1. Residues of segment 119-135 being closer than 18 Å to residue 81 by Cα and crowded, with 19+ Cβ neighbours inside 10 Å, which ones?
2. Take the residues in segment 45-66 that are open to solvent by 50 Å² or more (accessible area, probe 1.4 Å) and under 21 Å from the mean Cα position of the chain (by Cα), then tell me which one is modelled with the lowest pLDDT.
3. When the residues of segment 174-204 are filtered to those that are within 21 Å of the chain's Cα centre (by Cα) and aromatic (Phe, Trp, Tyr), which remaining residue is surrounded by the most Cβ atoms within 10 Å (Cβ to Cβ)?
4. Report, by residue number, each residue of segment 383-416 that is among the charged types (D, E, K, R), closer than 29 Å to residue 161 by Cβ and in a loop (DSSP other than H, G, I, E, B).
5. Being surrounded by fewer than 21 Cβ atoms within 10 Å (Cβ to Cβ) and under 15 Å from residue 21 (Cα atoms) is the filter here, so list the residues in segment 348-361 that pass it.
6. Among the residues of segment 53-96, write down those that are of a type in the set (Asp, Glu) and closer than 30 Å to residue 266 by Cα.
7. Among the residues of segment 406-445, write down those that are more than 13 Å from residue 372 (Cβ to Cβ) and aliphatic (A, V, I, L, M).
8. Tell me, please, whether a residue that is open to solvent by less than 40 Å² (accessible area, probe 1.4 Å), in contact (Cβ under 8 Å) with a residue 40 or more places away in the chain and in contact with a Leu (Cβ under 8 Å, 6 or more places away or on another chain) can be found in segment 316-324.
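The values are calculated or read from the model by the stated rules, or taken from the named source; none is laboratory data. Here the structure is a predicted model, which means the values were calculated and not measured. A quick note on method: Cβ atoms are made from the backbone with ideal geometry, for glycine too, and the neighbour counts reach across all protein chains shown. Accessible surface is based on the protein model in full, side chains and every heavy atom, while ligands, DNA and RNA are left aside. Shrake-Rupley method; radii C 1.70, N 1.55, O 1.52, S 1.80 Å.
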Amino acid sequence: MGLSLSGGTAVWGDYDNDGWVDLYAAGTLWRNNKGGSFTKIMNNGAGIWGDYDNDGHLDLFVWNNRQLLRNNQDGTFIPISLPKFPKSIIRGANWADYNGDGYIDLYVGGYESWPSPSYPDVILRNEGVGGFALQWTQSKPLYRARGITSCDFDNDGDMDVYVSNYRLQANLLWLNDGTGRFENAAKEFGIDGDYNGEKWSYGHTIGSAWGDMDEDGYIDLFVGNFSHPAASQDRCKFYKNLGPAGSYHFKDMTNTASLGWQESYASPALGDYDNDGDLDLYLTTVYAVGSGNIRNYPVLYRNDGNWHFSDVTAEEGLAELPPTYQAAWADFDNDGDLDLITAARLFVNMANTNNWIKVHLAGDGKNVNSAAIGAQVRIRMSERIIARQVEAGTGEGNQNDMTLHFGLGKWDKPIPTVEIVWPNGVVQKIHKVRPNSRLEIRFRK
């Protein structure tokens, strides 16, 4: 493949628009040569893809040096000035159009320099041709943010933000009022973590991931908690979105899911690796030996439906991988199944006969951001509704391919309806879609 990787974060994005998703891993950009090999393009720091200027080409925010790299459309990038924002240690950031103006904004998490105080989160508002402005700086109490991920989980037409906080702090759900102003509603919606009155309550959350895990059309949430043996600390959490009937609050399905405990769980990535229609879970660990000399390894859990998950790590060729924060899914070779980058290795998915479709969305750059970040797609097949969203960041600092992937299982008939809900609320429907194909859909009013 020509790849020489390290285990830093990985973000997939087709920066040259050739239909073959490229890889930015551990600060190095690799161009995908039609699935057969990769060519090294440049080195920089950890970052995240998003088309900030709506020119149809993905740009890169690099948080290690607080730098925005504009895509010149010729394989090169140029630094763009950002407004000054408070000094911080950054472990994750996220692009989304928080105020609904058609341009993606940037949420940047502030971590800590232990044992020094925590640093604030900030939001940089994209003002289009006017560049960026510092819209918001988090006030006290400050938290220790790790992963940042956004989703319109309550289907009200605006993007909300979930912040994974480390070192025994509650997680945050910033509920958007539609104008880009936020209020923390994590406790109200049941996803802040567990507080039982003890000093060691909550967990050490490193990364979380949004995804429809039960095929009801609503976006659920997985929270990946590092946790020491004490039972008072939060284990990993599976949260079911109850939809409009439950006012979009969440139900804790952790006991049903039965994820085995390991101490150093870190960054999750959701993807339907077996093309059966539901999202499976890959979850990294960040050290090899935990308390009591117990080994810790990254795991792959297959979604068996009804909130039951089975450990298939060894079965699928991922046994005893080393510690890593790296986890992201993409069909890099365009063969219809999801491949995985983790632990400085690219694992090619080789054994799948189920059907699939892929959906690539593009906004018009005026009403909807060019990369269609925040759009949701639902596929309706008989009693099943499979939902996916276009997102710019998941887990801690990783990013799955923004081309949406749907496994169909043995379904081989035309798909009755593919429904796109654009970030501005416009609904578009396409009927009788052929399986094992890629849809290219542009926003239209």
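1. 122, 123, 124, 125, 126, 132, 135
2. Per the stated criteria, the residue is 64.
3. Going through the qualifying residues, I end up with 174.
4. 391, 396, 401
5. Selection gives 348, 358, 360.
6. Of the residues in segment 53-96, the ones of a type in the set (Asp, Glu) are 53, 55, 59, 74.
Across segment 53-96, the qualifying residue is only 59.
7. Pass one, segment 406-445, residues more than 13 Å from residue 372 (Cβ to Cβ): 406-419, 425, 427, 429-438, 445.
Listed by number, the residues that qualify are 408, 415, 418, 427, 430, 433.
8. Start the filter on segment 316-324 by keeping residues that are open to solvent by less than 40 Å² (accessible area, probe 1.4 Å), which leaves 318, 321, 324.
Keeping just the survivors that are in contact (Cβ under 8 Å) with a residue 40 or more places away in the chain gives 324.
Now narrow it down to the ones that are in contact with a Leu (Cβ under 8 Å, 6 or more places away or on another chain): none.
Looking through segment 316-324, none of the residues is open to solvent by less than 40 Å² (accessible area, probe 1.4 Å), in contact (Cβ under 8 Å) with a residue 40 or more places away in the chain and in contact with a Leu (Cβ under 8 Å, 6 or more places away or on another chain).
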